[in-house]
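Visitor: Below is one structure. I have some questions about it.
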Amino acid sequence: MSQSTDELTAVTPGRPPELLPLPGGFSLRRRTTDDAPGLNAAVTASLDHLRPWMAWARQRPSLEDTREMARAGVAAWDSGSDFMYLLGRDDRPGSVVGAFGLHGRIGAGALEIGYWVAVDHVGRGLATTAAGALTEAALALPGIVRLEIHCDEGNLASAAVPRKLGYRLDRVEDCEPTAPAETGRRLVWIKDGSAA
């Protein structure tokens, strides 16, 4: 049984909407286990694009690896710790052109936004548009007062997203590189609830 758009955009207390419509015929939708084949195909097609910046992109994931990742994402959503989304085209149900998440790994009252866009969709403003929608949805959640976006200092495309959305650069942290192009200097961008 499929859910209506009203049902998907309704907010469960403490959870963001499962569907976030975006301009230009795209939307963010809650990632499910049914999305594993499309997500695997998008990752595989973009592996060379993702590998320099994403530690998890060292090798091509099997479909079973992606299914397991999708199952973990569903469990995290259900527990309220992380909220995993896929970016897709509205005219192609099930399409995957990127992945986004709200992650509860930075402490109480805060969420970190993570994202990537498939190689054939970069440079169109999709990461900024989707991260902007997640910013609004996250800051509307009860108890969330701060958002962060982390990226390597050398990843200029990723750093442009929080800058365009009005996040402030809070600090630069020295860290051990985990992906081939990382510099070991992590930018930590912050948006406070009062500034949204």
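Visitor: At q = 0.17, 0.27 Å⁻¹, what is the base-10 log of I(q)/I(0) for segment 17-76 according to the Debye formula with one equal point scatterer per Cα and no solvent? Please give it to two decimals.
Guide: For the requested q values the scattering log ratios are -0.67, -1.09.
Visitor: State to the nearest 20 debye the size of the charge dipole of the chain about its Cα centre, where the only charges are +1 on K and R beta carbons and -1 on D and E beta carbons.
Guide: Working: 21 positive and 25 negative charges, 57 e Å.
Once rounded to the nearest 20, the dipole reads 280 debye.
Visitor: Might you tell me the accessible area per residue for the chain, computed with a 1.4 Å probe and given in Å²? Before the final figure, lay out the partial values.
Guide: On the way: 9790 Å² over 196 residues.
I get 50 Å² per residue for this part.
Visitor: Mind checking which of E173, E112, E182 has the largest fluctuation in a GNM of the chain, springs on alpha carbons under 10 Å?
Guide: Among E173, E112, E182, the largest GNM mean-square fluctuation belongs to E173.
Visitor: Over 5 Å intervals from 0, what percent of Cα-Cα pairs in the chain sits in each interval?
Guide: 1, 8, 16, 21, 22, 18, 11, 3, 1, 0
Visitor: If you don't mind, there's one more thing I want to ask. Computing the accessible area with a 1.4 Å probe over protein heavy atoms, can you report the carbon and sulfur percentage for segment 1-145?
Guide: Roughly 54 percent, rounded to a whole number.
Visitor: Another question, if that's okay. Need the full-extension length gain, R15 to A181, defined as separation in residues times 0.36 nm minus the C-alpha distance. One decimal, nm. Working shown, then result.
Guide: Working: separation 166, 0.36 × 166 = 59.76 nm, distance 3.43 nm.
Extra length available between R15 and A181 comes to 56.3 nm.
The values are calculated or read from the model by the stated rules, or taken from the named source; none is laboratory data. The model shown is predicted, which means the values in this text are computed figures rather than measured ones. Cβ: placed from backbone, ideal geometry, glycine included. Neighbour counts: every protein chain shown. Side chains are part of the model used for accessible areas, which takes the heavy atoms of the whole protein and leaves out ligands, DNA and RNA. Shrake-Rupley method; radii C 1.70, N 1.55, O 1.52, S 1.80 Å.
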